[in-house]
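One structure is given here, and the rest of the page talks about it.
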Amino acid sequence: MTATDPHRAIEAVFRIEQAKLIAGLARMVRDVGLAEELAQDALVSALEQWPEAGIPDKPGAWLMAAAKRRAIDRFRRAKLIDRKHTELEHELAVNGEGRMPDLDAALDDDIGDDLLRLVFTSCHPVLGPDAQVALTLRLIGGLTTEEIARAYLVPEATIAQRIVRAKKTLAEKRVPFEVPRGEERDERLAAVLSVVYLIFNEGYAATAGGDWTRPQLCEEALRLGRIVAELAPADPEVHGLVALMELQASRLAARRGPDGEPVLLLDQNRARWDRLLIRRGLAALTRAEAQNDEPGPYVLQAAIAACHARARTPEETDWARIVGIYGALGEVMPSPIVELNRAVALSMLMGPEAGLKIVDALTTEPLLRDYHLLPSVRGDLLAKLGRAAEARAEFERAAGMTQNERERRLLLQRAADCAS
């Protein structure tokens, strides 16, 4: 084992525990920026101690304890000056004798679902929509600024600035760490749904690293989505998002081969699809469709996923219906990515030439300039048309654009197959 291996293992554990750690700390200190700093302090402590002592049985509890000690030390050294002194006196309740209660006991107080509170806090209207999503993905999803930038197809520096400004704004405005009620909650719902879905997507198809999928992120997004559905039972888009995530998550086990390699949709063993998740997803979709005759983006995307879920084999897939739904989705949510997906569905219905015409028209789309799936899809269609040399070049270009190691290997293999 090299000297860096323990650190890599510790960083992997931290990434798993990071969201819950920051959420718990944010509830305690009422400052998401400070919470992230304390979490990073705990990581430093782990990097110092775990290589010799070993990773503890409950690493999350260890990290929380380390961060809590750091918070207590910080507040005590500062003697709870200025805003923190006032806030802690009110939040932790000064007793009748005027003495502060035990800080350890006060910071152990658990008042509910911290992750959900963190999502709604990060989606406060004092922040713009882009900042809301970027901050929540950073704090909840544990995504790096590079990963968020790739998800949004914008420069990394732009995302970094959004996150820094967002944390500063929340601190300056003293935004309460809570799940709002009534109209205030409804105002933040669209941003919350967007964040939850982006977290799910990062778990379903990781933008970077050595893993093709990150199931824990999918599970966390599903859990949050189900909770939001309980908070807003009359909103069809909430149930549409839950349906979409349930149906997509049903394929997770089949998306990876024995060694973790990617398995594409048409090659998956559908016996490995989770039938319980499919039933739950279809039930949520039925509930969403019954609430509104004009489906929104999440309901439409769930309807597409349902077409795949209902097909026992790839040949039974209702591609005509999928093409139609993508057309409707493009009207309510115009996007070159939606159009790219419609091209794929159209190629399955009418042949690769039909899909290639749409894809070729998208090659000049600025938003897709760094989107690796554009050359990947184009390579697939060219290969089906027997244009092997062109297909190989497209697969190689896509491989050079993706940051996911598993996906890069798949694309390079597909490029090599074109030369054989």
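Yes or no, residue by residue, for (1) in contact (Cβ under 8 Å) with a residue 12 or more places away in the chain; (2) of a type outside the set (Lys, Arg); (3) surrounded by 19 or more Cβ atoms within 10 Å (Cβ to Cβ):
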site	(1), (2), (3)
Glu237	yes, yes, yes
Ala243	yes, yes, yes
Gln248	yes, yes, yes
Arg251	yes, no, yes
Gly257	no, yes, no
Glu261	yes, yes, no
Gln268	yes, yes, no
Asp274	yes, yes, no
Arg279	no, no, no
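Inspect all residues belonging to the range 297-307 and state whether any of them is touching an Asp or Glu at 6+ places or on another chain (Cβ under 6 Å) and either surrounded by 18 or more Cβ atoms within 10 Å (Cβ to Cβ) or within 14 Å of Ala243 (Cα to Cα) (or both). Let's see the steps before the verdict.
Residues of the range 297-307 that are touching an Asp or Glu at 6+ places or on another chain (Cβ under 6 Å), as a first pass: 298, 307.
Remaining after also requiring either surrounded by 18 or more Cβ atoms within 10 Å (Cβ to Cβ) or within 14 Å of Ala243 (Cα to Cα) (or both): 298, 307.
Yes: the range 297-307 contains one or more residues that are touching an Asp or Glu at 6+ places or on another chain (Cβ under 6 Å) and either surrounded by 18 or more Cβ atoms within 10 Å (Cβ to Cβ) or within 14 Å of Ala243 (Cα to Cα) (or both).
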Some residue of the range 263-277 being more than 14 Å from Ala311 (Cα to Cα) and assigned to a loop (DSSP other than H, G, I, E, B): yes
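Quick grid of which residues meet (1) buried (at least 21 other Cβ atoms within 10 Å of the Cβ); (2) in contact with a Pro (Cβ under 6 Å, 6 or more places away or on another chain); (3) within 17 Å of Leu266 (Cβ to Cβ):
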site: Pro366; (1), (2), (3): no, no, no
site: His372; (1), (2), (3): yes, no, no
site: Pro375; (1), (2), (3): yes, no, no
site: Leu381; (1), (2), (3): yes, yes, yes
site: Arg387; (1), (2), (3): no, no, no
site: Glu396; (1), (2), (3): no, no, no
site: Leu412; (1), (2), (3): no, no, no
site: Ser420; (1), (2), (3): no, no, no
Wholly within the range 118-175, helices (runs of 4 or more DSSP H) carrying at least 2 residues that are of a type in the set (S, T, N, Q): 129-139, 156-173
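For the range 306-420, which helices (runs of 4 or more DSSP H) that fit wholly inside it have 3 or more residues that are modelled with pLDDT of 95 or more and closer than 20 Å to Thr207 by Cα?
Result: 336-350, 373-384, 388-401, 405-419.
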Given (1) of a type outside the set (Lys, Arg); (2) closer than 27 Å to Ala398 by Cβ; (3) touching a Cys at 6+ places or on another chain (Cβ under 7 Å), index of the condition Val192 fails: (2)
Condition broken by Pro314, with the remaining ones in (1) more than 27 Å from Glu146 (Cα to Cα); (2) surrounded by 15 or more Cβ atoms within 10 Å (Cβ to Cβ) satisfied: (2)
The range 349-370 residues that are touching a residue at least 24 places away in the same chain (Cβ under 8 Å), paired with ones that are outside any loop (DSSP other than H, G, I, E, B) and of a type in the set (S, T, N, Q) (beta carbon under 6 Å, 6 or more apart): Gly355/Ser347
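Mind listing just one residue for me: the one in the range 201-233 that is among the hydroxyl-bearing types (Ser, Thr, Tyr) and not in a helix (DSSP H, G or I) and, of those, surrounded by the fewest Cβ atoms within 10 Å (Cβ to Cβ)?
Taking the candidates together, the pick is Thr207.
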Candidates Ala26, Ala65, filtered to the one that is surrounded by fewer than 22 Cβ atoms within 10 Å (Cβ to Cβ) and among the aliphatic types (A, V, I, L, M): Ala65
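The values are calculated or read from the model by the stated rules, or taken from the named source; none is laboratory data. Here the structure is a predicted model, which means the values were calculated and not measured. Methodologically, a virtual Cβ is constructed for each residue, glycine included, from the backbone with ideal geometry; neighbour enumeration extends over all protein chains shown.
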